[in-house]
Amino acid sequence: MKCKLINIFMIVGYCTSFFAQEKQRTTFTLTLKQAVAMARENNKTVQISAIEQKASQEDYEDSKRLMLPTFGIGASYQRFSKATLYDHGFKESMLVSRLPSPDGSNLGLDMVFNIYSGGKIRSAIEESSYRNALAEMNYKEQGGSMAFQAAVQYLDLVRLYHHKKLIEDQQKRAEVRLKNITSFYNNQRVTKSDLLRAEITLSNVLLNKVQNDNDIVISSRKLGIMVNVSDAERLYPSDSLLSYSLNEIVFSEVNNDVKNSYQLKKADLYSKIHFTRIKSLQSDYYPSISFISAYGFNYPNYLFFKPIDQMYSAGFVGVKMNYNIASFYQNKNKVEAAKKRLDAVELQKEWIKDNVREDIEALNVRYYEALNKIEVTDKSINQARVNFEIVNTKYLNQLSLLTDLLEADNIYQESRFALINAQISALIIYYKLQFTTGNL
């Protein structure tokens with residue numbers, strides 16, 4: 001008896017703690033459009049892509065500064081030891097001090113400005129701009145991907161809430177059926193077997209209800225993570241989205257244009273990056289010409305002979321040209337390898353285009369197939385409901401078996417589930433089409 005009391009107190013304490021936590025949670029209603037928008041903006045993976053895009057923008061701004069001249073400042077100080085002078089080999093030697101002074105120092109400023117380098121700097125800036133565009137495209141694709149995933153999770157939550165209503169309806173039917181069968185059994189009109197099966201059926205419905213409620217909690221939290229809301233907020237879908245015409249979501253015809261695909265746009269940017277690499281390598285065949293200038297202070301004065309113990313300042317301006325003759329045989333294979341890689345990227349681009357077009361065509365087929373399935377299942381619900389009512393009336397009049405009634409109930413329930421699943425599938429396919437065509 002003592003153990004039972006302890007167990008009861010533990011259960012009561014657990015339930016009190018659970019409901020206290022549930023009260024602390026706030027219900028946050030959310031439409032599908034809001035879920036999609038929040039996932040695109042607030043999701044942590046999208047924020048990571050946004051940071052990477054900003055870093056890429058800084059790299060691009062840095063590459064444009066290659067056009068500016070470079071300045072350098074330098075200073076040095078030396079203290080020379082006495083020099084050892086040798087005569088007649090190493091036979092005779094003497095020590096002398098460095099003239100005019102053992103000290104040496106300089107301080108100067110130099111400047112180099114690139115005039116021409118075969119287009120290498122221009123190619124580097126161009127490649128950096130394409131990489132920045134690629135980072136921006138990755139950010140948009142990640143946003144679209146998370147928007148699609150949030151839409152799928154939201155629709156799954158909608159499906160679970162509709163399932164909950166159907167299960168509650170089934171629970172009511174099972175409870176009424178059990179009540180009737182209990183009455184029949186007490187009046188010895190049915191066997192114990194019918195009563196047990198009715199009780200088991202109700203238990204199974206209640207288990208399904210608990211499982212569905214748990215799925216709602218899990219699905220709601222997954223959606224919360226995607227849209228980046230706190231654990232204290234329980235999300236509730238405010239859109240039913242299960243009308244026959246799907247007008248809440250399909251505002252226009254699906255756009256089947258391939259050119260907006262994220263994958264195809266990224267492939268095009270990869271192609272441009274490889275092309276600029278080829279131009280950068282080809283620039284090594286040309287000379288580089290720079291404008292140079294310097295000004296500085298030096299000690300001692302070596303401009304005259306003999307060196308003078310004094311500091312002087314002087315500067316110069318000039319043009320410097322450099323040409324690597326070895327580039328004719330060192331750069332040839334590099335350029336050819338880059339061209340081969342460009343050919344591979346162009347071929348991959350065509351392959352991606354074919355695959356995206358195929359995906360879009362397949363999704364269109366599945367989309368209109370799902371719409372047709374909605375129409376068919378909608379009609380079957382009526383038939384299943386009428387069949388259930390007929391079988392139920394027969395059973396109440398002892399003209400059919402309980403197995404027939406349970407089977408009719410299951411068919412009716414499954415047809416209603418099938419309609420919901422078909423509608424959700426159509427919406428998911430629609431959103432996948434939007435993402436695949438780059439419109440999400």
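The values are calculated or read from the model by the stated rules, or taken from the named source; none is laboratory data. It should be emphasised that the depicted structure is a prediction, and the values quoted were computed from it without experimental measurement. A quick note on method: Cβ atoms are made from the backbone with ideal geometry, for glycine too, and the neighbour counts reach across all protein chains shown.
Here are some notes:
- Residue under evaluation PHE90, criteria (1) closer than 30 Å to TYR312 by Cα; (2) over 58 Å from the mean Cα position of the chain (by Cα), criterion not met: (1)
- ASN256 meets all of the listed conditions (1) of a type outside the set (Val, Ile, Thr); (2) within 30 Å of SER123 (Cα to Cα); (3) modelled with pLDDT under 85; (4) in contact with a helix residue (DSSP H, G or I) (Cβ under 6 Å, 6 or more places away or on another chain) but one, namely (2).
- Of note, GLN188 satisfies the criterion of being of a type in the set (S, T, N, Q) and not in a helix (DSSP H, G or I).
- ILE125 closer than 30 Å to MET67 by Cα, at pLDDT below 90 and surrounded by fewer than 19 Cβ atoms within 10 Å (Cβ to Cβ): no
- Count - residues of the range 168-222 that are among the polar types (S, T, N, Q) and within 16 Å of PHE417 (Cβ to Cβ): 6
- Boolean, THR377 is surrounded by 13 or more Cβ atoms within 10 Å (Cβ to Cβ) and hydroxyl-bearing (Ser, Thr, Tyr): yes
- Residue list for the range 83-121, filter: farther than 19 Å from ASN301 by Cα, not in a strand (DSSP E or B) and not small (Gly, Ala, Ser): HIS88, PHE90, LYS91, LYS120, ILE121
- Residues (assigned to a strand (DSSP E or B) and either touching a helix residue (DSSP H, G or I) at 6+ places or on another chain (Cβ under 9 Å) or surrounded by 10 or more Cβ atoms within 10 Å (Cβ to Cβ) (or both)) located in the range 320-359: LYS320, MET321
- With respect to the conditions (1) touching a Lys or Arg at 6+ places or on another chain (Cβ under 7 Å); (2) hydroxyl-bearing (Ser, Thr, Tyr); (3) at pLDDT 90 or above, SER49 lacks only one, and its number is (1).
- Long-range neighbours under 7 Å by Cβ, at least six apart or interchain, first residue exposed (fewer than 12 other Cβ atoms within 10 Å of the Cβ) within the range 42-66, second assigned to a helix (DSSP H, G or I): none
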